[in-house]
Amino acid sequence: MDAIITRNLTRRFGKVNAVDQLNLRIPAGSLFGLIGPNGAGKTTTLRMLAGLLEPTDGEIRINELTARKYWRELQ
């Protein structure tokens, strides 16, 4: 079972694509890290996964729930 899935996750700031169609499958119980140069979209991706920033496009699923539904259930 996958704990986190992203499909075509995209975040734009004006004309700049900070994250462009990111597809991830992170299995439950695994350790995962994002590495890359400054400006690669790591922080933006983590902010979207944490619910602090809304994606421009695409989907996030956490424990088989869409991210929006998952965050509502946590409150």
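The values are calculated or read from the model by the stated rules, or taken from the named source; none is laboratory data. A quick note: this is a predicted structure, and the numbers were derived from the prediction, not measured. Cβ placement follows ideal geometry from the backbone for every residue including glycine, while neighbour counts extend to all protein chains displayed. Ligands, DNA and RNA are stripped out before the accessible areas are found, and what is left, the full protein with its side chains, is counted by its heavy atoms. Shrake-Rupley method; radii C 1.70, N 1.55, O 1.52, S 1.80 Å.
Before moving on, here are some points about what is shown:
- Surface composition of the chain: carbon and sulfur make up 51 percent of the accessible area, probe 1.4 Å.
- Descending semi-axes in whole angstrom, ellipsoid equivalent of the chain, from the Cα gyration tensor: 20, 15, 10
- For the chain: accessible area per residue (Å², 1.4 Å): 71
- Cβ-Cβ FRET estimate between Ile35 and Leu65, R0 fixed at 22 Å, reported to 0.05: 0.20
- Positive-end ranking of Leu53, Ile4, Ile26 along the dipole of the chain, with charges on Cβ about the Cα centre, is headed by Leu53.
- Accessible surface of Arg12, taken over heavy atoms with a 1.4 Å probe and every protein chain present, rounds to 100 Å².
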